[in-house]
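Below is one structure, written out as structure tokens; the observations come after it.
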Amino acid sequence: MGLHKIIKILALILSVVGIIFFVMILSAGDAAIEAGESAGSVNGALYTSYIILGLVLAFVLVFVLKGVFAGDIKKTLITVGAFLAIAIIGYVMSSGSLEGLPEDLIITENVTETTSKWVGAGLNTFYILGVLAIGAMILSGLKRVTK
């Protein structure tokens, strides 16, 4: 039996289990969930989600590593280095200021300057990558038009 067939069967089984837990959660209702009476179905759905996440991450890791070693590792390392450089730039650009945040949010959610700096770094990295992606699409379109 091929790997593709095993993965399809495993995906089908996990999908059916997830659907069963979903129906159990829906039939229990909000009041029962808030009271903790249907913790078994909620926990079962969470464990099913964890299993699916773990399998997906494992397969992604295996196939990425397989692709890296089969292809040009120099280009891969250059790409990873460029991404890390953009992430470092995003971190340096973030301020870490708590100014403008509601006081109750800072107290209840335990928001610190470090937390704010990391969130800002993630946002800045996202913005830089977004601008680069849009620029690449525009450049690609312009090249196509000029040919």
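Using the rule -39500 (n - 2.57) for each DSSP H run of four or more residues, divided by the residues of the chain, the 222 nm mean residue ellipticity is -29500 deg cm²/dmol.
The distance between label points at Phe126 and Ala11 comes to 2.8 nm (points 7 Å beyond Cα on the Cα→Cβ vector). For the chain, the calculated P(r), taken from all Cα-Cα distances in 10 Å bins from zero up to the bin holding the longest distance, is 9, 17, 21, 29, 20, 4, 0 percent. Listed by number, the DSSP H helices of the chain that run 15 Å or longer by alpha-carbon position along their axis and have mean Kyte hydropathy of at least 1.0 are 3-28, 39-70, 73-93.
Taken as Cα centroids, segment 91-139 and segment 1-55 sit 34 Å apart, rounded to the nearest whole angstrom. Rounded to the nearest 20, the size of the Cβ-charge dipole of segment 18-147 about its Cα centre is 1360 debye, with Lys and Arg at +1 and Asp and Glu at -1.
We did not get these values from a lab; they are worked out from the coordinates using the rules stated. These numbers were taken from a predicted model, which means no experiment stands behind them. When we count neighbours, we look across all protein chains shown, and the Cβ atoms used for this are built from the backbone with ideal geometry, even at glycine.
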